[in-house]
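Here it is, the structure in full.
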Amino acid sequence: MTRYLLRRVGQAVAVVIGLMILTFVMIHLEPGSVARATLGPRATPGRIAIFNSTYGLNEPLYRQFLTYIDQVAHGNLGTSYSLQQPVSTLIAQRLPRDLLLLGLSTVLALLLAVPMGIYQAARRNGVVDYALTGVSFTLYSMPDFFFAFLLIALFSVQLHLLPPDVPQVTSVGALLADPQALVLPVVTLALVTLASYSRYMRSSAIDVLAQDYILVARAKGLPQRLILLRHVLRNALLPVITMVGLSFSWIVAGAVIVEEVFNYPGMGLLFYQAATSHDFPILLGSTLAVGVATVLGNLAADIAYGIADPRIRYGRA
């Protein structure tokens, strides 16, 4: 187990370094002038030259990258061009709000997807199975922003039940104090991820139901409900556990769109605003934070996989 964890940590470090290089190069290939986007179209050439000199944007790209690596090694993610605040401070302020949004939506998606997938496997090829499959494929193929607009149009504009946006608060406690404002963004993220989780759960449960020990349990006269709870649920959860870890990156990508639509005060909204204003430090810092979180999520999924299935011996991998 220790050797496996050390190997996975080494791989994670390599992935993060590769992510930093790729992100840095792609962001700096973005067309347009950073100085003009920050200072405005009426900025004089002198002000633009001072801006580029202050932030090292007039240096060769490789020197800018080496400077960035040195800053990150010392715990400095740079200073936002537009907000004039340390990027680490901005991320620290908004990260707890993102954890709340992603945590609630993921838990809700799993609470719906797990029983839904098991029920479809137990009643496969029936009318309900086909109906739920149609719903899953519809949700899976629907863009996040379009689904968000549909919920706003229905519950905010037509029924006047829920607010269409989230108050610009500064703490998680303030968000929890207004739970109605969280409903639409949480439900949007949960339902668009529900489809993939439920499909994986259904396929995994069907495989488990075909195993010999399930046939033996049925031959002993165990009730179907007990078989599903004792034998199918735990074994069918293994691929879903891995899926949760691997899906963190595209859940975060969906959160960027959802936060912009609902004006949610998280890192997704910060990233979107930084992208429109060419604020490189925020883009780099946010991407690095999400990349590290994704790697840690995958590692946690591997560990949870071993806990759920004691037969796995990572030391022999």
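Any chance you could count how many residues in the stretch 254-276 are open to solvent by 40 Å² or more (accessible area, probe 1.4 Å) and over 25 Å from Ala35 (Cα atoms)?
Result for the stretch 254-276: 2.
Any idea how many residues of the stretch 1-45 are open to solvent by less than 50 Å² (accessible area, probe 1.4 Å) and of a type in the set (Ser, Thr, Tyr)?
Residues in the stretch 1-45 being open to solvent by less than 50 Å² (accessible area, probe 1.4 Å) and of a type in the set (Ser, Thr, Tyr): 3 in total.
Take the stretch 77-89 and flag every residue that is hydrophobic (A, V, I, L, M, F, W, C) and closer than 19 Å to Met20 by Cα. Step through it out loud before you land on a result.
Going residue by residue through the stretch 77-89, those that are hydrophobic (A, V, I, L, M, F, W, C) are 77, 83, 87.
Matches in the stretch 77-89: Leu77, Val87.
Does the stretch 292-316 hold any residues that are of a type outside the set (Val, Ile, Thr), open to solvent by less than 30 Å² (accessible area, probe 1.4 Å) and either at pLDDT 80 or above or closer than 15 Å to Val244 by Cα (or both), and which are they?
Correct list: Gly297, Ala301, Gly306, Ala308.
List the helices (runs of 4 or more DSSP H) inside the stretch 200-253, counting only whole elements, that have at least 2 residues being open to solvent by 10 Å² or more (accessible area, probe 1.4 Å) and touching a residue at least 60 places away in the same chain (Cβ under 8 Å). Show your work before the answer.
Numbers: elements: 212-219, 224-227, 233-246.
The helices (runs of 4 or more DSSP H) meeting that bar are 233-246.
Separate question: Just give me the residues in the stretch 56-77 being over 16 Å from Leu288 (Cβ atoms) and among the hydroxyl-bearing types (Ser, Thr, Tyr), in sequence order.
Scanning the stretch 56-77 gives a single hit, Tyr62.
Working carefully through the options Val183, Val172, find the one that is touching a helix residue (DSSP H, G or I) at 6+ places or on another chain (Cβ under 7 Å), open to solvent by less than 80 Å² (accessible area, probe 1.4 Å) and β-branched (Val, Ile, Thr).
After ruling out the rest, the residue left standing is Val172.
The values are calculated or read from the model by the stated rules, or taken from the named source; none is laboratory data. Because the structure is predicted, anything quoted here is derived from the model rather than measured. Ideal geometry is used to build each Cβ from the backbone, glycine not excepted, and the neighbour counts take in all protein chains shown. Surface accessibility is based on the protein's heavy atoms, side chains included, excluding ligands, DNA and RNA. Shrake-Rupley method; radii C 1.70, N 1.55, O 1.52, S 1.80 Å.
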